[in-house]
Structures are given as structure tokens and as C-alpha cells.
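The values are calculated or read from the model by the stated rules, or taken from the named source; none is laboratory data. Everything quoted here is computed from the prediction, not taken from an experiment. Here the Cβ positions follow ideal geometry from the backbone for every residue, glycine too, while neighbour counts run over all protein chains shown. Calculation scope for accessible area: heavy atoms of the full protein, side chains included, ligands and nucleic acids excluded. Shrake-Rupley method; radii C 1.70, N 1.55, O 1.52, S 1.80 Å.
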Amino acid sequence: MEASMLCFVEEVLGLTSTSVFIGKLNPVTAIRMAIKELGEDKEKYWLGESPLEKAKVSQWVSFTKDLHHSKDFGEGKKLQVLMILENELKNSSFLGSKAHQTLADVAIYFCLHELVSSMKPQQLVSEFPAVARWFNQAQNSTLPKKKDVKLKLIDFVLPDAFDLLGSNGNGANVASSTDKNKGKKGKMDKAKPDGKGKVKNKTDNEIKKKDTKPSKPVAADAAADQPLITMLDIRVGRIVSIEKHPEKDKIYCEQIELGEEKPRSIASGLVEFYPEPSVLVDRKVLVLCNLKPRKMGNFMSNGMVLCASNPDKSKVEVVDPPEAAQVGDKVSFPTLGDNSKYEAWAPSKVAKKKIFENVAPNLKTNGNKEPVWIGPDNKEHNFVVADAKCSVPTISDGNVS
């Protein structure tokens with residue numbers, strides 16, 4: 001990987017390799033330091049222009065550091081990494097910017113090239129179509145041109161826009177009968193009785209009417225314009241009691257009042273970050289309420305307390321509602337328009353359509369230590385309750401989950 005990145009440094013950035021790879025620095029860290037010496041324009045291009053872009057580039061670079069030092073690329077780790085990328089790239093062409101490659105794309109590309117090379121190309125296209133599309137784009141713009149650097153060019157067969165109209169919902173192309181019979185005008189389909197004992201043959205035109213109907217999108221039963229974040233039911237709760245899980249050392253078992261008939265039982269992995277449970281008693285929190293109940297040992301958890309974490313997850317803080325918020329108040333996102341026209345989905349539907357899994361990669365804290373959702377428009381949408389923004393004590397440019 002390092003030889004390939006050396007060429008990238010020389011060909012794309014115009015830097016001499018000796019000015020970058022010094023000491024025992026991680027290659028990506030070294031390039032990042034060198035970019036900052038090239039002037040404001042290149043720094044903005046490669047490291048991000050807005051505070052949001054800078055935060056995203058920084059997070060992805062930190063992600064590559066973890067992968068760079070990891071020797072464990074078993075099947076589970078591979079799928080986890082690819083799923084994180086798939087969720088991020090579903091509505092974006094690049095990792096750090098909406099408009100062009102940044103150091104985040106370059107770093108992830110070189111870091112994962114060996115992993116992707118070990119897979120069958122069409123397996124990646126079928127299971128992780130957004131990653132395949134992004135990787136193909138990255139390799140055609142980032143791959144070093146020097147002949148003595150042997151970095152495999154992976155041959156993807158990607159579905160085009162017309163193929164996707166007949167897709168099965170995950171980007172894998174499904175061939176129709178008209179594809180197979182193209183150019184064979186008048187070819188008859190297999191003869192079948194018409195119900196009256198007569199054999200009726202289907203012409204290509206009849207097949208086309210039946211088989212070329214676009215497949216139903218995964219979330220087509222939702223309002224087409226409903227933002228994903230509004231499908232989640234996030235409410236203000238108050239922790240009325242808390243105790244350690246009898247079987248799991250890192251888990252608290254909480255009873256949280258949400259304005260319902262009785263408090264909800266919710267498990268949270270907060271023991272390491274709040275070793276004294278009493279500091280959480282009577283505290284207001286944000287609770288994601290429409291997740292399917294999940295059993296944690298002998299404890300049934302019915303929801304999730306939202307928390308912020310720094311990139312390496314060494315620090316975790318509970319998200320705070322505004323002081324004026326009341327138990328049971330629902331979180332809204334005013335910058336998305338009138339939220340009252342959107343209904344939160346049922347827990348079973350949220351699980352089936354993997355709504356939270358799609359939303360989670362874009363839940364962040366901004367530079368003001370406020371939880372936000374980054375929408376497809378690449379804009380921040382604040383968590384708001386009682387006309388005021390939610391916040392966290394100290395974590396800026398972090399993740400929320």
C-alpha cells in the first residue's frame with residue numbers, strides 16, 4: 001500500500017515522497033501534515049472547506065488509522081467495514097465532500113484495496129452496490145500510473161441507470177425476458193393453456209408489458225418525501241432508577257419515564273463512562289422509542305438512550321434535552337419543514353427497512369456540541385425540543401448513537 005501512496009503523493013499532490021514519509025508516521029497522517037504546508041486552497045480541497053467537511057474527513061482518516069493497525073480482517077470485520085461504507089455512500093458520491101474526492105476517499109481506497117481485491121467483483125456489486133460504485137470511481141482517478149507499481153485494477157460490471165429500473169432493490173440487476181429475447185421480434189414464450197383448454201402464446205410485446213414494470217423500491221410504502229430521520233420516534237425521558245446488569249459488567253439497566261403508562265426498561269452500555277450510576281438518576285435524556293425490544297441476558301430492553309462519542313469512542317456523553325423540555329416531548333427537526341405531517345414508523349417496520357442503520361452514519365455532533373442529522377442535502381439538521389436545540393457537555397465533531 002505504501003508504494004502506491006508514494007506515487008499518489010508524487011503524481012496528484014506534486015509532493016516529493018521524502019518530504020512526506022518521515023519517521024514512523026502513519027502514511028495518511030504524514031500526507032495530511034504535508035497537505036497543510038501546500039497552501040490554503042489545497043488544504044481546503046483535500047481536507048475539507050466547511051467545518052462539516054473537515055469533521056467528516058477527520059473522522060474517516062481516524063477510521064483508516066484503526067484499520068491500518070488492525071490485523072483482524074476476518075469475515076465479520078470485513079462485512080462490518082463494508083456496511084459502514086455502504087450506509088455512508090448510499091446518498092453520496094464521496095466520503096468527505098459532496099463535490100469531489102478528499103483525503104478521506106484516498107485513504108479509505110488505499111487502505112481497503114487488498115480487502116476488496118479478495119472478493120469477487122460481482123459479489124461486491126450485488127451486496128454493496130454503493131461501495132462498488134465508489135470504489136470503481138476511486139480506482140480510476142486515484143490509481144497510480146507508474147508501471148512499476150502493481151496495484152490491481154478491479155473489473156466491475158456495474159448496472160447502469162436503465163438496469164436499475166429492473167433491480168431487486170439492492171442494486172443487483174435482474175434480467176427480464178425482454179433482455180433475453182431482444183432483437184428476436186415475434187419470438188413466442190412457452191405456450192400455456194388460457195383456462196379454456198386452448199393454448200395461448202405470448203408475444204414479446206405482452207411479455208414486455210408484464211416484465212418491464214419497475215420493481216417497488218425498498219421504502220416505497222413511505223411518503224416519497226419523508227426524511228429518514230422523521231421515521232424515528234425520539235422523545236424526552238427521565239431516568240427514575242438505574243442499576244448494574246447482573247450478568248453484563250458494562251451495562252446499566254434503567255427505568256425511564258416517557259409519559260407512558262409505566263416507565264420503560266432500557267439497557268445502556270454506560271458503566272465505563274458513568275461509573276457512579278447516581279449521577280444519571282433523575283436526569284433527562286433522549287430515547288429512541290421505536291426500536292424492536294431486545295433481550296440483554298435476562299433483561300428486556302425496549303429503546304435506546306442517545307449518546308455522543310468521540311471518534312475513537314474513548315469518551316461517551318448522554319445527549320441533553322433543553323432545560324424547558326418535558327418528559328414525553330418529541331424531538332423535531334424544524335429545518336426539514338413541518339414535522340407534524342410525518343409519522344414515526346412502527347418498530348417492526350423500522351427493523352425490517354433498517355431505518356436506524358441508514359440514519360446512524362449521519363448522526364453527528366457539530367462544532368457547537370449539538371447533535372445533528374446530516375441529510376442528503378449535506379446540511380445539518382438540529383435536534384430540537386421546546387423550540388431549543390439539544391446539546392452534549394463537551395464532545396464536538398463526534399458521533400451520535
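Stretching the chain fully between residue 379 and residue 98 yields a gain of 100.1 nm (0.36 nm per residue, less the alpha carbon separation). Amide H to amide H distances under 5 Å link residue 290 with 233, where only residues 5 or more positions off or on other chains count and H is placed in the peptide plane. On the beta carbon distance between residue 298 and residue 36, with R0 = 35 Å, the FRET formula returns roughly 0.10. Computed over region 294-388, relative contact order equals 27 percent, with contacts defined as Cα pairs under 8 Å that lie 6+ residues apart. 3J(HN,Hα) couplings calculated from phi for region 81-88 with the Karplus curve 6.51 cos²θ - 1.76 cosθ + 1.60 (θ = phi - 60°) are, in sequence order, 5, 5, 5, 4, 5, 4, 5, 6 Hz; Gly and Pro show x.
Heavy atoms of the protein chains alone define the surface here; on that basis region 318-383 has 47 Å² accessible area per residue at 1.4 Å probe size. Taking only protein heavy atoms and a 1.4 Å probe, the accessible area of region 92-131 is 52% carbon and sulfur. Relative to the current alpha-carbon distance between residue 327 and residue 120, full extension at 0.36 nm per residue lengthens the span by 69.4 nm.
Can you sort 119, 300 by solvent-accessible area, 1.4 Å probe, largest first?
300, 119
The length gained by stretching the chain between residue 396 and residue 265 to full extension, at 0.36 nm per residue less their Cα-Cα distance, is 44.2 nm. Here each label is just a point 7 Å from Cα along the line to Cβ, and for residue 79 and residue 278 those points are 4.5 nm apart. Anything over 25 Å Cα to Cα? Flag those among 244/295; 44/364; 284/349; 315/369, in the order listed. The answer is 284/349. Solvent-accessible area assigned to carbon and sulfur over region 274-336 amounts to 53 percent, based on a 1.4 Å probe. Basic side chains Lys and Arg get +1 at the Cβ, acidic Asp and Glu get -1 at the Cβ, and with that the dipole of region 290-401 about its Cα centre reaches some 700 debye.
Could you list log10 I(q)/I(0) for region 239-369 at q = 0.13 Å⁻¹, which the Debye formula gives when each Cα is one point scatterer? With no solvent term, the Cα-only Debye profile gives -0.61.
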